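What follows is a single structure, written as structure tokens, with notes after it.
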């Protein structure tokens, strides 16, 4: 009992700890690809600590919601990130790790973030919120179709079950899963505000989405929101890793060696995906905002097609 | 569940449907021709795989014809024609691309349902192949209906033919007669396409079929 | 000996096409065309007397297609005679160049070859190939005038015909897929006689799906509503001999293909009954064609819609089934071929005399050119179904069977026929009677084909030889 609790707690702390490191790694690789030195790997930690020490600066028109939202977002995102299997499946809380629950938690976080953008009443916040919701209105259906595809294949929406099914190799070479993977990558890019949908490093008002919503935040609020964004990226990367790169994941009730192997495999997967993300972001330009719906439409179509094809081949 | 043979056939046929969707998504003429070449390559691979698992060596010939003519000769020839005739290179679509995609999805779903209901008794591979083939045919028809540029209508028709070739190879053991005829139709379609594109360009200064509508004669 | 006849039917047109294409100069091409068409007709006639070969893997000769072959080669021959004189005039008028003339005649022979191939084949794949080649040939021939309207018509025809061909091919593949588990893979499963013999064992759902596609595909060629959109333009803008070929020949060959498919489906009791579908489409085409006859301003377009109406009636008759309706359908098909081509011959003459195809610019033909004018009057009377011309017999038979079998359907049927009669006579009045209008050029076409056809139709109305009637009865029974 205590061991399972300890393992679950270890997962929760692991994701919290690794999230800034992942972002730092991506930034470093991007810089190196652009032939710059780049910030050190632990720079995000330093940024967080710096922000935590600073005073809050609140606009006079900010409401109580404005002050509460960062905590809400952080709580929702951390819970969601902690539920995704990273190095082991079948952990203590995995019965609640339903993919639809995770999407709901992320949706909740997004809702509050959009509210925060609108709360203070500036136009930048308004732009950011409206764009964010536009992207969400296409990304969520695509995500749900992806979930359907995976659920049809694995027979359940529980992440642990899915990961075990895909790890066992019963799935074989499924075309629908390939389509679902591509759709998931597109949705992940859109949700995490990476290039080509949004530039995480920009502060130009014409191109901001995520940054626009959090423009008014400072101090520990901003620290929490930054950490939530990093957690969200880690969540999506872990999702892709546990579903489509299931090698090395420890089975439930495995021994310590299996868990350690799982952790090492997980870190290796994070490194690989982070590297690919950096390469992808460097090699492609950001899209104009009105083309983003087409981009997400592609994800929706792919996911629909994947569901349809899987449905067909299952009824044969 | 299903063997590796089935999975790869499923993969290739599904890719063909995916590339048909890509054809619908294009809005520039050169890109359209390139995607059509990809369509033909995927078709050739699919036919070759069917030849392998059915043990029907004459299908390799069909695959080679598809690869040579449809993936290389025809796109190159169309490309040259477009350059020579100076055809306007943006494709105007009737209705938005989003709506077209949704209609395409609906047609694919329809094709799946219809073929699965109608082919209860046939073999697994054949049913699957027929469902995908009908989807490609219907998507080709959709493309012909929603495009106003004559070249893109012709590309739509050729992708429809690709779907037919897929259906014919899935039907186990269909004699060479039909394969020759399909190859024949490529040649003749090519000749006719060439003649008409030249004439259309000669007579009108555009290949936009909306310009043809002025000469539609009395309505009805 | 008998097998050679069939080979001759393929060989003569093929050789003729090659000869015409390679001949230097184009003056003789028209005569070669007409001559070889006559030879082909003679070969087809001989099929009536020689021993019938057993159905092979590729060739089948039975009562049904013998009639068709004789009819088609006859109309092809008379049309080639008509077109020999017609295109000479067009050459002088500058609407075609000599090179295109050669192409036209060579393609005409290719077309005859394709028709023979389609009619005599026992293999559903070969039948499809032949009809497809025939369609593509006519597409090129329709577009041979290089006017805007001709190119638009030819392009529309090409697109619609290609879609029709593709759907028909899909139907053919489905038939093969239904047959393959029962009859084994390979050539055997595509032979029509074997398919019909085993029809009851084929999977019904797949046959249904196949028939739907075949009906849509070949129905496009027949010109059934709503797949008819290519027909009026192709008839109006192509050369007149091609209008005669399309109406008189291609529509019939496509109908033949549909009949073969219908016989296949009828052999399986669990499959969809093909009758109601054909009745439905036929009736709608009939009414549509009839109503569209009013308000037409171009003479060729007028008669194109009349073709749609009559093909609808024929499809209706075959859909109804039973010995009398099938007999009526066969008779109507033969007579419609003859009458419609005669009308188009007359129209060709008229368009050369008046220099236009617009009805508003022509009038009083019976006073200015009595032979053509009265020829047209008799032709229109025939196509409208007046006694004593032959089509009255077949229409009467169809109406009486409908009253007997499905009385409710007789109402729209008779309505359509009456509407058509009214429209045709209204238009005829404008063209043939009244004050002479429009130009009056000298004409160079031969009148022989038109009078020959009309004479045959008149004969058929008054007296049908007993052997012919017996033959039709046998075929009607075959059709089920």
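Brief remarks on what is shown
- Verdict on residue C:231 being within 14 Å of chain B (Cβ to nearest Cβ), surrounded by fewer than 24 Cβ atoms within 10 Å (Cβ to Cβ) and within 22 Å of the chain's Cα centre (by Cα): no
- Among the residues making up the stretch C:384-415, those that are under 20 Å from residue C:288 (Cα atoms), part of a helix (DSSP H, G or I), touching a helix residue (DSSP H, G or I) at 6+ places or on another chain (Cβ under 8 Å) and without any contact (Cβ under 8 Å) to a residue 40 or more places away in the chain are C:399, C:410, C:414.
Yes/no matrix, rows are residues, columns are (1) touching a strand residue (DSSP E or B) at 6+ places or on another chain (Cβ under 7 Å); (2) modelled with pLDDT under 85; (3) assigned to a helix (DSSP H, G or I):
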site: C:423; (1), (2), (3): no, no, yes
site: C:439; (1), (2), (3): no, yes, no
site: C:442; (1), (2), (3): no, yes, no
site: C:445; (1), (2), (3): no, yes, no
site: C:453; (1), (2), (3): no, no, yes
site: C:468; (1), (2), (3): no, yes, yes
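- Enumeration of residues in the stretch A:60-82 that are in contact (Cβ under 8 Å) with a residue 24 or more places away in the chain and farther than 22 Å from residue A:160 by Cβ: A:61, A:62, A:63, A:65, A:66, A:67, A:69, A:70, A:71, A:72, A:73, A:74
- Residue A:226 fulfils the conditions (1) assigned to a helix (DSSP H, G or I); (2) more than 21 Å from the chain's Cα centre (by Cα) except for a single criterion, (2).
- Residues within the stretch A:149-165 that are within 14 Å of chain B (Cβ to nearest Cβ) and either buried (at least 21 other Cβ atoms within 10 Å of the Cβ) or in a helix (DSSP H, G or I) (or both), tallied: 5
- Given (1) more than 14 Å from chain A (Cβ to nearest Cβ); (2) over 30 Å from residue A:154 (Cα atoms), number of the condition residue B:93 does not satisfy: (1)
- Condition broken by residue A:111, with the remaining ones in (1) within 30 Å of residue A:163 (Cβ to Cβ); (2) assigned to a helix (DSSP H, G or I); (3) in contact with a helix residue (DSSP H, G or I) (Cβ under 7 Å, 6 or more places away or on another chain); (4) modelled with pLDDT of 90 or more satisfied: (3)
- Listed by position, the helices (runs of 4 or more DSSP H) enclosed by the stretch C:98-204 that each have at least 1 residues that are in contact with a helix residue (DSSP H, G or I) (Cβ under 9 Å, 6 or more places away or on another chain) and within 8 Å of chain B (Cβ to nearest Cβ) are C:124-142, C:148-183.
- Scanning the stretch C:266-298 for residues that are over 16 Å from residue C:332 (Cβ atoms), more than 14 Å from every other protein chain (Cβ to nearest Cβ) and part of a helix (DSSP H, G or I) yields C:266, C:274, C:275, C:276, C:277, C:280, C:281, C:284, C:287.
Conditions (1) surrounded by fewer than 23 Cβ atoms within 10 Å (Cβ to Cβ); (2) under 21 Å from residue B:17 (Cβ atoms); (3) within 7 Å of chain C (Cβ to nearest Cβ), marked per residue:
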site	(1), (2), (3)
B:146	yes, yes, no
B:159	no, yes, no
B:166	no, yes, no
B:169	no, yes, no
B:173	yes, no, yes
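- Residue identified as closer than 25 Å to residue A:242 by Cα and surrounded by fewer than 20 Cβ atoms within 10 Å (Cβ to Cβ) among A:100, A:127: A:100
- Residue match in the stretch A:171-178 (condition: part of a helix (DSSP H, G or I) and away from every other protein chain (no Cβ under 11 Å)): no
- Which numbered condition residue A:259 misses (of (1) over 20 Å from the mean Cα position of the chain (by Cα); (2) closer than 30 Å to residue B:22 by Cβ): (2)
- Neighbours by Cβ (under 6 Å, 6+ apart or cross-chain): first from the stretch B:55-77, more than 18 Å from residue B:31 (Cα to Cα); second assigned to a helix (DSSP H, G or I) and at pLDDT below 85: B:58/B:176; B:59/B:169; B:62/B:179; B:65/B:183; B:69/B:186
- Here is the figure for the stretch A:233-286: residues that are in a helix (DSSP H, G or I) and within 21 Å of residue A:8 (Cα to Cα) total 26.
The values are calculated or read from the model by the stated rules, or taken from the named source; none is laboratory data. Keep in mind the model is a prediction, meaning the values are calculated, not measured. Cβ coordinates were reconstructed from backbone atoms using ideal geometry, including for glycine residues, and neighbour counts include every protein chain displayed.
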